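Visitor: Dropping a structure here in structure tokens format, bear with me for questions.
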Amino acid sequence: MIKLLFLFLIIAALCLTGTTSFAQNNSPDRADTVAPLQIQPSMNVFRRFDADVEAMNLFYGKVLGLEQLMTFNLGGGSRVARFQAGDSQVKLSGKVPNRSYHRGNIPDATGLRLLTFFFTNQHDLEKSFKDHGLKVPIFKPVPETGRSFALVQDPDEQWVELVIVPQAEEAACKGIEIGLVVSDLARSRAFYRDFVGLDELPPEKDSLFDTIKYPFRHGSTTVSLRCFGSDLPADTGSGGIQYVISDAKKVDSMAKARKIVIDQPLNIMKGFALLTIWLDDPDGIINYFAQVGVKEDQDQGR
């Protein structure tokens, strides 16, 4: 036990190097962040996979009960299946070759490692798994709350947390939680607080991994940061975050001014009236900004 405690303290020290306190950083000048440009009161999330498409659609649609929306055909055999999750969308698409992927347990790599969905009726959710021939999740109580949770894997072996909340907390079901594993909490907190402009919430005791997680919120979506070491392999391809914004060019200029890595420069998606820019957070996790209603002949300002 003493050895385990010592190991935990070493990992925490590595992750927290240079981190300043929540109280010192809770009030950034939001005018200097992307926050004023966000026009959707939530964030979307996407996952890339190479499992069977129908199995993935069944899991997120029928089993979890998310409403399946129109699938987008992006051409070249690329499709994006969309599911409504409260105020957010979950978007599923195939893997791309220029990104790294790492399976295994949640703490085994940095990246988008966990999606959390909220429900009020445990019996109905268990029945849904059983009716679709899947192993019924085993729920455990969340200490000091009226909630319970279970961890499952989707058909692509990516992790999903199912949280049962009391009826009094039904509003939680309109949101999702995006779980990121990062290598340096100071750098990642600064990115999501001082550039993206998410509201930094107080750190929370995380009974799931016996650690501390650092939540950030925009509307009904929460991004939670956890750190399990500074030298983990990076999963930069399995998932990312999408923001719907009013001015992609402004995001581009802000990113360049702050020397943030641009994965995909400004680009108009033909047929979708969408101007996009893809940025990397400090661990290479995709942050994808999309401006809707753009004229396709509009100068992209590169």
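Visitor: Given F118, F129, which one is on the phi < 0 side of the Ramachandran plot and surrounded by 21 or more Cβ atoms within 10 Å (Cβ to Cβ)? Spell out how you get there, then give the answer.
Guide: Values: F129 fails: surrounded by 21 or more Cβ atoms within 10 Å (Cβ to Cβ).
Criteria check complete, one pass: F118.
Visitor: Looking at E161, E157, which one is open to solvent by less than 40 Å² (accessible area, probe 1.4 Å), within 28 Å of F289 (Cα to Cα) and not polar (S, T, N, Q)? Give the steps one after another, and end with the answer.
Guide: Numbers: E157 fails: open to solvent by less than 40 Å² (accessible area, probe 1.4 Å).
E161 is the lone residue from the list that is open to solvent by less than 40 Å² (accessible area, probe 1.4 Å), within 28 Å of F289 (Cα to Cα) and not polar (S, T, N, Q).
Visitor: Related question: Take the residues of the range 167-178 that are within 20 Å of D206 (Cβ to Cβ) and of a type outside the set (A, V, I, L, M): which is surrounded by the fewest Cβ atoms within 10 Å (Cβ to Cβ)? Walk me through it before giving the result.
Guide: Step one: filter the range 167-178 for residues within 20 Å of D206 (Cβ to Cβ), giving 169, 172, 175-178.
Cutting the leftovers down to of a type outside the set (A, V, I, L, M) gives us 169, 175, 177.
Working: E169: 15, G175: 20, E177: 20.
Going through the qualifying residues, I end up with E169.
Visitor: Would you please list the contacts, defined by Cβ atoms under 7 Å and residues six or more apart or on different chains, that run from a residue in the range 245-273 that is at positive phi to a residue that is of a type in the set (A, V, I, L, M)?
Guide: That search, which allows pairs on different chains as well, returns A273/V292; A273/V294.
Visitor: Another one. Criterion first (open to solvent by less than 40 Å² (accessible area, probe 1.4 Å), of a type in the set (K, R) and either under 22 Å from the mean Cα position of the chain (by Cα) or more than 13 Å from R47 (Cα to Cα) (or both)) does R99 satisfy it?
Guide: Values: open to solvent by less than 40 Å² (accessible area, probe 1.4 Å): yes; of a type in the set (K, R): yes; either under 22 Å from the mean Cα position of the chain (by Cα) or more than 13 Å from R47 (Cα to Cα) (or both): yes.
It is true that R99 is open to solvent by less than 40 Å² (accessible area, probe 1.4 Å), of a type in the set (K, R) and either under 22 Å from the mean Cα position of the chain (by Cα) or more than 13 Å from R47 (Cα to Cα) (or both).
Visitor: State all residues of the range 135-151 that are open to solvent by 70 Å² or more (accessible area, probe 1.4 Å) and either in contact (Cβ under 8 Å) with a residue 40 or more places away in the chain or in a strand (DSSP E or B) (or both); if no residue qualifies, say none.
Guide: Answer for the range 135-151, where residues must be open to solvent by 70 Å² or more (accessible area, probe 1.4 Å) and either in contact (Cβ under 8 Å) with a residue 40 or more places away in the chain or in a strand (DSSP E or B) (or both): K140, P141, P143.
The values are calculated or read from the model by the stated rules, or taken from the named source; none is laboratory data. Treat the numbers as computed from the prediction; the structure is a model and nothing was measured. Cβ atoms come from the backbone with ideal geometry, glycine included; neighbour counts cover every protein chain shown. These area figures cover heavy atoms from the full protein model, side chains too; ligands, DNA and RNA do not enter into them. Shrake-Rupley method; radii C 1.70, N 1.55, O 1.52, S 1.80 Å.
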